[in-house]
Amino acid sequence: MKRAPGRRFFRFLAISLSLGACIVAVQSAQANPAECAQAFHSSLSTVKDGPYQTLREVRSGKLPSQPVAHISHPGKLSIAAPKGSASKELQQARQLARKIAAQGGNTALPANASSRWVAERLQMELGDYLGQEYTPFMCSGVPAYLTLLRNHAAQVAISTAQIDLAIATLQTALKAQTTAALDAMRPPPLPRHAPADRPDGRFAAHEMVTALDVADEPEATLLTRVANSSRGAGIVNDAKANEDLAPRRKPYRIVMHDRHDLDHLARRLVNTARRANMTSVQADPAGTFGLQGAVDYIATVAPLLQNGAGQVRDARARPALLAALADLEMLDTLMVARDVKPDPLGTAFAETFDAIEQAYAKACDCATRQAEASERSR
């Protein structure tokens, strides 16, 4: 039995209407760029009444702009930065440490005519930006604009975010520098073959003066024993391994969570050099007992290690040790600044920039929402 053509038409019409309704629903779910710009414009007024108002109060003198450092600081770095190539991030971190050292550990930069002019121009620029009239293109170029403002603000004050980024960068570099220094000062390996007249069970390490600090080097506790087997005498470790191969060295345990850790690490490096007969400087020379942090300690031992009676002359160990101590001093300098009350001016600028960035991320996500809607419609 043939169906009437009219039924086919109405069925086609019903399917077409259903598809059209779906398309309309998807289009309505997609974000309108003009609506995103409007939402961003509304958010900027909140930023102007909040963080930007605090910035104005700091610059007008209603809030103090010069924090007081709570920690003594030599005022300059005792060891020059390591030579050789470095990434842009590492160069910036070292430059920031030198700048803070020149300020005695303070994050507030000198309030000279140049910095006051830059701060005033930044405040005016932010005021104009936050108070601008609505345009449908407000979501365009915001990330690049904020990057430009942050670069100029770095000439006026040092923010906590800058310090945190520099600390993370230097921690990574210092781990590599410390490993290189400890490797350079590591004693020669023990012989792998012991005399045949040694009885079983005797520990070769007990008859030797170790050059490793058991407290600092967990791998130094690895026992080395004399083994007489059917294959011949030799020195092997406790683990079952190929006795023809030297034991695999474990990674050094390097901790850099706070200033106490950095002070311990600095003394560990110097003490390792002393035990390796590369310097006569003691781990705790006069005037360094009880110091908190590595900055003051390194300021005391650096002249002795570089040019004094205890200077390190080993061609491989000297540059490695000084490079590690240099980055260690810079890292501790940044931690000094982090422990000090942050500069209100730098904090006010950073909070204003962050508020604009958060408003942009929340309002100007039209492309993301459109992509998600298109994916759902497939």
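The values are calculated or read from the model by the stated rules, or taken from the named source; none is laboratory data. All of these numbers come straight from a predicted model, not from anything done at the bench. Every residue, glycine as well, gets a Cβ built from its backbone with ideal geometry; the counts of neighbours run over all protein chains shown.
Residue count for region 257-284, restricted to those that are touching a residue at least 60 places away in the same chain (Cβ under 8 Å) and surrounded by fewer than 21 Cβ atoms within 10 Å (Cβ to Cβ): 4.
Please enumerate the residues belonging to region 351-368 that are at pLDDT 90 or above, over 19 Å from ASN151 (Cα atoms) and among the hydrophobic types (A, V, I, L, M, F, W, C). Matches in region 351-368: ALA359, ALA361, ALA363, CYS364.
Determine, yes or no, whether ARG259 is within 20 Å of LYS76 (Cα to Cα) and either within 29 Å of the chain's Cα centre (by Cα) or modelled with pLDDT of 55 or more (or both). Criteria met by ARG259.
Once region 112-141 is narrowed to residues that are surrounded by 12 or more Cβ atoms within 10 Å (Cβ to Cβ) and within 28 Å of the chain's Cα centre (by Cα), the residue that is modelled with the lowest pLDDT is SER115.
Conditions tested, residue by residue: (1) over 26 Å from the mean Cα position of the chain (by Cα); (2) assigned to a helix (DSSP H, G or I); (3) at pLDDT below 50.
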{"position": "ALA14", "(1), (2), (3)": "yes, yes, yes"}
{"position": "ALA21", "(1), (2), (3)": "yes, yes, yes"}
{"position": "VAL26", "(1), (2), (3)": "yes, yes, yes"}
{"position": "LEU44", "(1), (2), (3)": "yes, yes, no"}
{"position": "HIS70", "(1), (2), (3)": "no, no, yes"}
{"position": "GLY84", "(1), (2), (3)": "no, no, no"}
{"position": "GLN92", "(1), (2), (3)": "no, yes, no"}
